[in-house]
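Bear in mind these aren't lab numbers, they're just calculated from the coordinates by the rules spelled out. Owing to the predicted nature of the structure, the values given are computational and were not obtained by experimental measurement. Here Cβ is always computed from backbone atoms with ideal geometry, including for glycine, and neighbour counts include all displayed protein chains.
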Amino acid sequence: MIRIQTADQPGGTTIAIDGQLIGEYIAEVEESIRTSLEQYNDVHLFLRNVSHIDEMGHALLSRLAAQGVQLSATGLYSSHVVAEVQLARNSRPSRAKRQDNETRRRRAIGIAFGTAFGV
């Protein structure tokens, strides 16, 4: 079972979830978020009384965080899952940072190649 409630505010919206964030309900939650993202820049997903989050739920939360959706939760379990998602999101280098690292690596290889072969 899942219950999705939306509270629109000026400039944003909060979507509150109660129940289980599991496979059979993922599409419904995702559709609510997608609709809100089309209307608002600021979307907040609040896991209010969520008793279980499966792998698909974890993946959804990660995707939403990557899209800029704010995540929060009440309860020990849901709060822990949200904290894990946010920690993983913050510990991953951004795309620009990864590209910068790749550019530096390629330059280093080019310099090493040129030095080794007199190019």
Can you give the translational diffusion coefficient of region 2-93 in µm²/s, computed by Stokes-Einstein from the Kirkwood radius over Cα pairs at 4 °C and 1.567 mPa s?
100
Residues with beta-carbon under 15 Å from that of GLU24, excluding GLU24: net charge, scoring Lys, Arg +1 and Asp, Glu -1?
-4
For the pair ASN41 and GLU84, how long in nm is the line joining their label points, each one 7 Å along Cα→Cβ?
3.3
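Would you tally the net charge around ARG34, using a Cβ to Cβ cut-off of less than 12 Å, leaving ARG34 out, and scoring K and R as +1, D and E as -1?
Working: positive: ARG63; negative: GLU28, GLU30, GLU31, GLU38.
Overall, the nearby charge balance is -3.
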Please report the spacing between the Cα centers of region 53-78 and region 24-39 in Å, no decimals.
13
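Tell me, in nm to one decimal, what length is gained between LEU76 and THR6 on full extension, where the rule is 0.36 nm per residue of separation less the Cα-Cα distance? Mind dumping the intermediate values first?
Numbers: separation 70, 0.36 × 70 = 25.20 nm, distance 2.29 nm.
The LEU76-THR6 span can extend by a further 22.9 nm.
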